[in-house]
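For reference, the structure discussed in these notes is given below.
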Amino acid sequence: MNLVQLCFAWSSHLVNQRRICQKTVVLAKKIAEFAHSSVRWTKQQ
C-alpha cells in the first residue's frame, strides 16, 4: 500500500480528496528531499 492509496483510503469521505492527496504527496516529497539533503549536509561537516 503506497502513500497515495493510503491517502485516498483516509480521505475517501472528503469531497476534495484529490486535491488534499496531491498536496499530501507533494508535501511528503518535499520532506523526503529535505531529509536527504540534510543527511548529505551533516556528512560534509
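State all residues of the stretch 15-31 that are within 18 Å of Q5 (Cα to Cα) and within 10 Å of the chain's Cα centre (by Cα); if no residue qualifies, say none. Selection gives C21, Q22, K23, T24, V25, V26, L27, A28, K29. The residue pairs whose first member lies in the stretch 1-24 and is surrounded by 12 or more Cβ atoms within 10 Å (Cβ to Cβ) and at pLDDT 70 or above, whose second member is assigned to a helix (DSSP H, G or I) and of a type in the set (S, T, N, Q), and whose beta carbons are closer than 8 Å, counting only pairs six or more residues apart or on different chains, are L3/T24.
The values are calculated or read from the model by the stated rules, or taken from the named source; none is laboratory data. Keep in mind that what you see is a predicted model, and the values were worked out from it rather than measured. Note: ideal-geometry Cβ built from the backbone for every residue, glycine included; neighbour counts use all protein chains shown.
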